[in-house]
Amino acid sequence: MLDSKAYYNRLLEYKEEIRKRTDFVPEVAIVLGSGLGEFAKNIDVKAVIDYGDLEGFPVSTAPGHTGQFIFGTLKGVNVICMKGRIHYYEGYDMSEVVLPLRLMYVLGARTVIITNAVGCMNENFSVGSFMVSRDCIASFVPSPLIGPNIDELGPRFPDMSEIYSADLRNKVMEIGREKGIEVNEGVFIQLTGPQYETASEIRMYKAMGADCCGMSSGVEAITAAHMGMKVCGISCITNMCTGISKTKLSGEEVIEIANKVSGDFEKLVTELVEKIGK
Ligand code: HPA
C-alpha cells in the first residue's frame, strides 16, 4: 500500500532541494506533450532542474521526453514547464506518474495547462487541428488517488463536475477564433497504451461519448483537480483513430504531425498564459 506520509515527505524534500537552487515561485504549470518539445525556447528561463538530479524521481523513457523542469517567465507570467512526462505504460505506479504534477503544485502552481497528442474518433474534427477538453473519461486506467488520501493535497472524495476549468476552455476557444486556428471542444478518454486501440474499442469509446483518446493526461487532470488547481487540457490531433484512419498508426506519424503543427500549438499555449496573467 502507498505510504502517503512518506510520499508527501518526499514531495517536501524535492521542494527543499529545488529551493536550494532557485527561489522562483511558479503560478502556471505547463505539461509539455508531443509537439511542444521546443516550447521552452519561448521562455525567459530562470532555472532548469533535471529529474535525474532529484533522488528517486521517476525518469521518462518515452521518445522525445527529456525529463526536466524549466522555470521562467512567459508573457510576464511565472511558469514551470514539465518537459518529459511519465506514462503509466512505462511501468510506473500511478502515484509516480502524477508525482511531477504534485511537485509543481507544492512549488506554488495553482493553474495547469496539460497538453498532449491524441487520436481522434470524431469525424467532424480533423488531423492537425486541436481539441480543448470539456470533460474526460478515465475509467479504463487506475485512479491516481487510490491509496491512503494525502490530506495535505486534497479531500478523499473530490468532486469532478468541473475537472476542466470552463473559464480556461473558453479562453482557448477565443484564441482559436482570434488566431484562425481550428479548435473544438470535446471529451477526452485516457487509455493505458502502449498499443493503439482496436477498431472495436474505438467504436465502444465513441459510443460512450469520447471524441479523442490518448495515453496520458486524464490522470494528471484528476490529480490537479484533487488539489483544487484550475485545469486546461489542450490536445493536438495527430491522427484519426483505428478503423477511421485509412493508414496504419505509428508513433513516428504521431510525432511528425505534432511537429508540423507545433507553431499553432505553441501559439495557443502562449496566448492562454498571457490571458491568464491579465
Ligand atoms: N491512440 C492513443 N493515443 C494516441 C493516439 C491514438 O490514436 N494518437 C496519439 N496518441
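Can you tell me which residue in region 194-223 is farthest from the ligand (Cβ to nearest atom), limited to those that are part of a helix (DSSP H, G or I) and hydroxyl-bearing (Ser, Thr, Tyr)?
So the first thing to find is which residues in region 194-223 are part of a helix (DSSP H, G or I), and the list is 199-207, 218-223.
Restricting the remaining residues to those that are hydroxyl-bearing (Ser, Thr, Tyr) gives 200, 205, 223.
Values: Ser200: 14, Tyr205: 10, Thr223: 19 Å.
Across region 194-223, the extreme among qualifying residues is Thr223.
Return the residue satisfying two criteria in turn: it lies in region 240-250 and is under 23 Å from Gly186 (Cα atoms) and surrounded by fewer than 22 Cβ atoms within 10 Å (Cβ to Cβ), and of such residues it is farthest from the ligand (Cβ to nearest atom).
Only one residue tops the list, namely Lys246.
For region 127-142, what are the residues that are within 14 Å of the ligand (Cβ to nearest atom) and surrounded by fewer than 19 Cβ atoms within 10 Å (Cβ to Cβ)?
Val127, Gly128, Ser129, Ile137, Phe140
Has region 163-175 got at least one residue that is assigned to a loop (DSSP other than H, G, I, E, B), over 21 Å from Ile257 (Cβ atoms), in contact (Cβ under 8 Å) with a residue 40 or more places away in the chain and within 13 Å of the ligand (Cβ to nearest atom)?
no
Read-outs: derived from the displayed coordinates by stated rules, not from any lab. Not measured: the values here are computed from a predicted model. Here Cβ is always computed from backbone atoms with ideal geometry, including for glycine, and neighbour counts include all displayed protein chains.
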